[in-house]
Amino acid sequence: MSDATEKLRNIMMAGHGGCGKTSLSEVMLFNAGSTSRLGSVDDGNSSLDFDEEEIKRKISLSTAVHHYSWKNHYVNIIDTPGDQNFFSETKTCMPAADGVIAVMDAVSGLEVRTEQAIGFTSEFNLPCALFINKMDRERADFTRAMESTADRISPKTIIIQLPIGVEDGFNGIVDLVSLKAYQYDAAGKATKIDIPADMQDMVDVERESLVENIAEADDALLEKYLEGIALTQEELVGALRKGILKRQFIPVLCGSAKKNIGIDLLATFIVENMPSPIDRGAFQAFKGEEEISLDPDPKKPFAAFVFKTIIDPYAGQLSIFRIVSGKLGKDGTFLNTTKDVKERFTQLLCIEGKDQKTITEAGPGSIVAFTKLKSTSTGDTICDEGNPVTFKCATPLSPIIAFAITAKTKKDEDKLFSSLTKLIEEDPSLTITRNTETKETVLSGRGQVHIEATIGKLKRKFNVEVDYKMPTVPYKETIKKKVRVQGKHKKQSGGHGQYGDCWVQLEPLPRGKGFEFVDAVVGGVIPRQYIPAVEKGIVEAAVRGVLAGFPCVDFRATVDDGSYHAVDSSEMAFKVAGSLAFKKAVLEANPVLLEPIMKLEITTPDDYMGDIMGDLNARRGRVLGMDSAGKMQVIKANVPLSEILMYAADLISMTGSRGEFTMEFSHLDEVPSEMAEKVIAAVKQHQQDAE
Ligand SMILES: Nc1nc2c(ncn2[C@@H]2O[C@H](COP(=O)(O)OP(=O)(O)OP(=O)(O)O)[C@@H](O)[C@H]2O)c(=O)[nH]1
Ligand SMILES: [Mg+2]
């Protein structure tokens, strides 16, 4: 194994929006001399939040990658967004990291997105440490912040640092592992000091508990500890690292990115206690159907996965990937197994925030990029042509809100669709669908801000301006009564006339059965060749129902009688007759409106169950069941789509962002009559307005 891989750390910063991930990363880059000036999110000159929209909003919208050297190690830092709208990236990029620093705000305590990020580390089996940031803030409270994590995260936390001073007076750290204390000056420079006397008791207690916790993770050490034999510093340090890598505990550190306090210790912690790609070990992959393991070995065939794509309309597409096995030179070819195409690269790049630098080689564990690939997108496996393998990529968080979007100018219609398709390569938590019924292009994502930011990107990157609105609910119509009517089309206007006559029976079918046509004509009362025309007339008329113009579904039409004229009958005349029969029959057949019912799965902490259930009730929801998953409750319910178009925002405010939901189409159901009247009136009003 190579020394370079041993000394490599791929670290992700993850956590709630605004807890300070980007600021922390900036300080680490600056302390290590990787950036010559300390980038700031607030001043809009961060090297990680460099996108125009990020500068404007002062939040991270997208994952950024940079690197620095620290104590003879090379660290790739992956800074992820914490906002709920962009949080899917934290999940989909996480497998590229070998360890995660979950960040929390010392004032707010453990917030949802930090809790979820720690949840993802369990899913991907990655070591995780918790950093309590913003210790300098007013009302920052280390103990209270720790208490807020109780029973909410696993594995258990172990405190390895304590803060010296509080709020504005916060100025140093006691390291409980080395039992050393550091005080920081205004420039963030650390000086070793004695452990403050007034902290000694607390340090003793916390140190004792730390030693016990570390010992518990190692059988041999535990035996020694229980026999009352003191553990050596070496044993302790070794067992701490081992326990972190095996995910036996989550160590807790603290500091302030703003004041550059404790950040050097965090950087040292990362190189000493977070895994190298070799510690991470083999990745599971598929060779055809067979599951195989790929070692981080430079001598093995090249295999990597693309975890992030950045589209730049000028520089082209940047595909960022993690090499799992093998190595790359400065140019060459590879196979994209996901798309089954060969591609060529002429440049190998390392990422430095918004900039890239050409490099000549990269080995296992490296996070590097290609530009201008033709067919490769996020989630794809790229590898040696002779050794095709595929990695299973992390699934994005599912979309929870949808908007109908239209290009502001007609000429951009086509470009809109192709540009959006490109943006989805950059951001797989977006989906785009063409609703053929409502004729709308529907863009779905993780929240309204997500959609708005995407619309901003469309303008900046592709110069396509769009309008957006709530999507039209794709209502349908159906009938409830069996009827039989005559459809007769007769026109005598000199010369050739038109004559078609049919008797059609309409009857309701069970939900989801669609449309059935039965030919029950006997004795040639309607000649064979005209029967399909009758069907066609009915099908075409059913596209626009009689109530509000929505498609009519779930009915059977049986043609059983009619008449014809030897000269004047034609396919066209029978089509019109079929269509007349349908329109007449539907009016008599007790037509009703059907609406899409969605199956909702809501995950929420216990406390909000009452509110959520009450709210579901008000939305005409029907609860199907409840389950508990860990400390969360899962509610399954069927709710009409029209009632939950903006549910994402409502659930956030109901649960202080702690509730999550997914939804999928379940079935169509009859709209209650008073609701139906409103829908029909609204459609008619809309039509009048349009005229
Ligand atoms: N007082 C104080 N403020 C901080 C500290 N760290 C960050 N901030 C401020 O907190 C705000 C958010 O910081 P960011 O670094 O953008 O936070 P983030 O976690 O990257 O945010 P997202 O990427 O949007 O999730 C900024 O105004 C920072 O200046 C800190 O240690 N102390
Ligand atoms: Mg950020």
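Filtering the range 108-146 to residues that are small (Gly, Ala, Ser) and farther than 20 Å from GLN248 by Cα leaves SER108, GLY109, ALA140, ALA145.
Name the residue that is surrounded by the fewest Cβ atoms within 10 Å (Cβ to Cβ), counting only residues in the range 434-449 that are in contact (Cβ under 8 Å) with a residue 60 or more places away in the chain and not in a strand (DSSP E or B). Filtering the range 434-449 for residues that are in contact (Cβ under 8 Å) with a residue 60 or more places away in the chain and not in a strand (DSSP E or B), the one surrounded by the fewest Cβ atoms within 10 Å (Cβ to Cβ) comes out as GLU437. Condition test on LYS476, is it crowded, with 17+ Cβ neighbours inside 10 Å and touching a helix residue (DSSP H, G or I) at 6+ places or on another chain (Cβ under 8 Å)? No, not satisfied. Restricted to the range 1-94, the set of helices (runs of 4 or more DSSP H) holding at least 2 residues that are under 25 Å from the mean Cα position of the chain (by Cα) comprises 21-31, 52-57, 88-93.
Being surrounded by fewer than 19 Cβ atoms within 10 Å (Cβ to Cβ), farther than 30 Å from PHE582 by Cβ, modelled with pLDDT of 90 or more and touching a Lys or Arg at 6+ places or on another chain (Cβ under 8 Å) holds for only one residue in GLU452, GLU516, GLU507, GLU465, and it is GLU465.
Candidates are the residues of the range 120-136 that are within 15 Å of ligand 1 (Cβ to nearest atom) and among the charged types (D, E, K, R); the one that is surrounded by the fewest Cβ atoms within 10 Å (Cβ to Cβ) is ASP136. Criterion applied to ALA129, ALA145 was being away from ligand 2 (no atom under 16 Å from the Cβ), in a helix (DSSP H, G or I) and either polar (S, T, N, Q) or under 28 Å from the mean Cα position of the chain (by Cα) (or both), and the one residue passing it is ALA145. Scanning the range 40-50 for residues that are more than 8 Å from ligand 1 (Cβ to nearest atom), at negative phi and free of Cβ contacts under 8 Å to residues at least 40 places away in the same chain returns ASP43, ASN45. If I ask for residues that are over 21 Å from ILE310 (Cβ atoms), of a type in the set (Lys, Arg) and touching a residue at least 12 places away in the same chain (Cβ under 8 Å), which ones from the range 399-433 would you list? Answer for the range 399-433, where residues must be over 21 Å from ILE310 (Cβ atoms), of a type in the set (Lys, Arg) and touching a residue at least 12 places away in the same chain (Cβ under 8 Å): just LYS408. Screening the candidates THR80, THR92, THR63 for the property of being more than 16 Å from ligand 2 (Cβ to nearest atom), assigned by TED's automatic domain parsing to the domain that holds CYS254 and either of a type in the set (S, T, N, Q) or at pLDDT below 95 (or both) yields one hit, THR92. Under the condition of being free of Cβ contacts under 8 Å to residues at least 60 places away in the same chain, within 26 Å of ILE250 (Cβ to Cβ) and over 40 Å from the mean Cα position of the chain (by Cα), the residues counted in the range 155-195 number 5. Screening THR232 against (1) out of contact with any Phe, Trp or Tyr (no Cβ under 7 Å at 6 or more places or on another chain); (2) among the β-branched types (Val, Ile, Thr); (3) touching a residue at least 24 places away in the same chain (Cβ under 8 Å) leaves a single unmet condition, (3). Assess whether ILE292 counts as being within 30 Å of LYS242 (Cα to Cα) and not assigned by TED's automatic domain parsing to the domain that holds ILE132. So ILE292 fits the description; yes. Would you pick out the residues in the range 63-99 that are within 21 Å of ALA649 (Cα to Cα) and within 11 Å of ligand 1 (Cβ to nearest atom)? Within the range 63-99, PRO81, GLY82, ASP83, GLN84, ASN85, PHE86, PHE87, GLU89, THR90 qualify. PHE302 satisfies every condition listed in (1) surrounded by fewer than 18 Cβ atoms within 10 Å (Cβ to Cβ); (2) over 24 Å from PRO127 (Cβ atoms); (3) at pLDDT 95 or above except (1). Of the candidates ALA102, ALA145, ALA117, the single residue that is closer than 17 Å to GLU206 by Cα, buried (at least 20 other Cβ atoms within 10 Å of the Cβ) and within 16 Å of ligand 1 (Cβ to nearest atom) is ALA145.
The values are calculated or read from the model by the stated rules, or taken from the named source; none is laboratory data. All figures in this text were calculated on a predicted structure; none of them were measured in a lab. Methodologically, a virtual Cβ is constructed for each residue, glycine included, from the backbone with ideal geometry; neighbour enumeration extends over all protein chains shown.
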